[in-house]
Every structure is written in C-alpha cells, then in structure tokens.
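*Asks:* Please read through the structure below; I'll follow up with questions.
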C-alpha cells in the first residue's frame, strides 16, 4: 500500500503556522502548489481549515522538521506508518482455481435447482462464472448438460457457507410474497363498498311443545291403526 499523507491541506496550514519551512518544502511534502501554500500563509486560502499536527499523527518527526528548517533544499520524508491498512480488494468476478473450474457447471446447476430465487449476478459472484454460462445451464443448452450433476458449491470449495447464506438472504428480501392459500379475508377497501343490510333476519324460534296436542295426535294415530286392522 502506498504511504500517503492524511489531510494534506490541513497539514500545510499547521506547517505554515508552526514551522520555519519554506513554501517549496511544504508544497513538496503536502503535494500542493507553492502558490497555494503562499495563499495559505497570506490568509487568502484555507481560512476555515483547522491545522493538523503531522507529528501527533505520526507522519512526521520533530527531527525531520528541524532538518528541513536548517536546510531549505532538504525535502521532508513521510514517516513509515506503524500499522498498515490492507488495500481493499478489487471488485470483480471471484477467482476460481484451475483445478475447480470444471466443477462450476455442477455448482451452477445445484444453485438453480435449490435456490431459484437467486439472480444471475449473485450466482456469478458465488462461483465466478458468466451470465451466458448460467443461461446455457438453465436452458439445458450447455455443451456438457447430459453429464452435469448438481453439487453444493460450498462442498466443492467454490464459495463459503457465509457467502451463500448472505446471497440467499438478500434474494429473499427482494422476492415477491407467496400467493395466499385458501380462503382469506377481503381487504377493507373492498368490504367498504358492499351494501349494508337494513334488517337482519332472525332465526325462527322453536315452538314450545304442547302436551295435549301430542297426546291427541297419538290417540288419532292409534285409532287409525285399529280401523285398518
């Protein structure tokens, strides 16, 4: 990682105010134009910028400043950082070793069958392939479609389980909700338009049993049976 000065203009403001370094030395160290450093010294530039001490940040030493003040031709050197921050990895297709590239079609087929919600871009990130290859495997037009066997890309070592779970969770958040199963309640926007019944029909009440009427009916049935005999 290239060692770069933090906040060069704020550092230049501090060096102008607190050292006897020349404008050329400050401009060279802060990667600024000498005229810009002169404008800072005259108060025409960087008026709202607070100076930052490069000694406190560990980017310059007192001895280095004294060496520069003693010799106007001396060029300040940036101190080596105590902790190096790794550079961000370049975004792009995942690199797949040569020994595992032959397994990518099997991994693609497994992802298409077990996680159809994944987009082609997500599959490309997981196994390091192209969208055209994914489309060929999906449409069974791949040159080796007859011999493909679905295989878990995690087991093949093409991606980690964490990466796979992350892509699946992302796809689930953007997937449309499943259609309702069975009878469901109507939305309020539809129920408000239904006509309101003016009267509610009451169920007829059960009539009370009359003992005299029951015995009279039984007597008539008996007399009818005797007459038939």
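*Asks:* How many of the residues in segment 145-157 are part of a loop (DSSP other than H, G, I, E, B) and within 16 Å of residue 113 (Cβ to Cβ)?
*Replies:* So the answer is 5.
*Asks:* Only one of these is in a helix (DSSP H, G or I), modelled with pLDDT of 65 or more and more than 17 Å from residue 116 (Cβ to Cβ): 225, 212. Name it.
*Replies:* 212
The values are calculated or read from the model by the stated rules, or taken from the named source; none is laboratory data. What you see is a predicted model, and the numbers here were worked out from it, not measured in a lab. So basically every Cβ, Gly included, is an ideal-geometry build from the backbone, and we count neighbours across all protein chains shown.
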